[in-house]
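One structure is given here, and the rest of the page talks about it.
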Amino acid sequence: MARIVITGGAGFLGSHLCDLLLGRGDEVVAIDNLSTGDISNIEHLFGRKEFTFSPRDVSDFIWVPGDVDVVMHFASPASPVDYLEKPIQTLKVGSLGTHNSLGLAKEKGAKFFIASTSEVYGDPHVHPQTEDYWGNVNPVGPRGVYDEAKRFSEAITMAYHRYHGLDTRIVRIFNTYGPRMRANDGRVVSNFIVQALRGEPLTIYGDGTQTRSFCYVDDEVNGLIALLDSDENDPVNIGNPNEFTVKELADIVVETTGSSSTVEMHPLPTDDPTQRRPDITRARKILGWEPQIQLREGVARTVDYFKTVVDH
Ligand code: UDP
């Protein structure tokens, strides 16, 4: 049994991680400033003696009393809508927040795990994206606040690994969806499902030919834990390699919900990547992990969740 600190523990991925780790007997300390996280994601864990919630901003100095075996840094806005609305917070939590989390791990002699992202590849010229691709990121564009913060977080993590000998893990998370995304999160899967349930037009940005590869949250967190338990210090892509256009996703959501919604075209956001698909050869080989839940099944499960939380 390990004592694990999760920053962003009340967020979408952070809260699923809390559940999985508590389920296997670990003790969890969740830290979150509730900027984009939601207390309702972890309320069911209150009262469990193995679970502590600490409402704090990890961009400020953080301290956790007692032994700590692992620090997992998951705090950050992750939806483009959120990080465009909170650009400075996003840069701070990826830089200062990562530094503080690394400092905590170093002080405690703990393993450190950073949640990085497929956004480090930017608008990729290599397809599918392998971990040795350095990416194509516009540092001064609006998405740069997230992309560069995460690139910095990878760089400082490797520096702590090389210079201080910290035992570190770097995961590059590709588009993940599922229960506990916020209805107004702004990402495409939640937007389309909520719009379809309400009978509103589905908002396609651009012409809908851009691609993403969507991973169901249960698969994603299983991959994260497999990486945590491995000895791998270099970055590993964790995502579902089945690639869809945004238009195809809209069709699947309309079909699954049985909605009468139409689609509506909106301008493509600046620097929106035209294609994205993980090469998961390393994850398969090193971790023996691959996703099990495909898009139609995952969308159906997510629709069931949103039916319970949105008026429709
Ligand atoms: N998108 C869309 N309609 C929406 C929200 C997003 O067409 O209502 C598009 C967006 O422009 C992008 C893709 O869907 O091409 C995925 O967007 P998301 O915000 O989910 O994540 P990203 O992969 O861009 O970080």
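Quick notes on this structure:
- Within segment 188-197, tally of residues that are buried (at least 23 other Cβ atoms within 10 Å of the Cβ) and more than 10 Å from the ligand (Cβ to nearest atom): 2
- Qualifying residue in segment 215-226 (condition: part of a loop (DSSP other than H, G, I, E, B), on the phi < 0 side of the Ramachandran plot and polar (S, T, N, Q)): no
- Any chance Glu154 is away from the ligand (no atom under 16 Å from the Cβ) and under 22 Å from Pro273 (Cβ atoms): yes
- Of all residues making up segment 162-186, the number that are basic (Lys, Arg), within 16 Å of the ligand (Cβ to nearest atom) and open to solvent by 50 Å² or more (accessible area, probe 1.4 Å): 1
- Considering residues of segment 85-102 that are of a type in the set (D, E, K, R) and either assigned to a helix (DSSP H, G or I) or near the ligand (Cβ under 10 Å from one of its atoms) (or both) only, the residue surrounded by the most Cβ atoms within 10 Å (Cβ to Cβ): Lys92
- Unmet requirement for Asp82, which otherwise passes all of (1) open to solvent by less than 20 Å² (accessible area, probe 1.4 Å); (2) over 13 Å from Thr7 (Cα atoms); (3) free of Cβ contacts under 8 Å to residues at least 60 places away in the same chain; (4) acidic (Asp, Glu): (3)
- Residue list for segment 230-260, filter: in a loop (DSSP other than H, G, I, E, B) and within 12 Å of the ligand (Cβ to nearest atom): Gly239
- Filtering segment 198-213 to residues that are within 14 Å of the ligand (Cβ to nearest atom) and open to solvent by 10 Å² or more (accessible area, probe 1.4 Å) leaves Arg198, Glu200, Pro201, Thr203, Tyr205, Gly206, Asp207, Thr209, Gln210, Thr211, Arg212.
- Evaluation of Leu22 against (1) without any contact (Cβ under 8 Å) to a residue 40 or more places away in the chain; (2) touching a strand residue (DSSP E or B) at 6+ places or on another chain (Cβ under 8 Å); (3) not in a helix (DSSP H, G or I) (one fails), failing number: (3)
- Complete set of residues in segment 263-280 that are of a type in the set (Val, Ile, Thr) and not in a strand (DSSP E or B): Thr270, Thr274, Ile280
The values are calculated or read from the model by the stated rules, or taken from the named source; none is laboratory data. Just so we're clear, the structure is a prediction, and the values are computed from it rather than from any experiment. Virtual Cβ from ideal backbone geometry, glycine too; neighbours counted across all protein chains shown. Please note that ligands, DNA and RNA were not included when accessible areas were found on the heavy atoms of the full protein model with its side chains. Shrake-Rupley method; radii C 1.70, N 1.55, O 1.52, S 1.80 Å.
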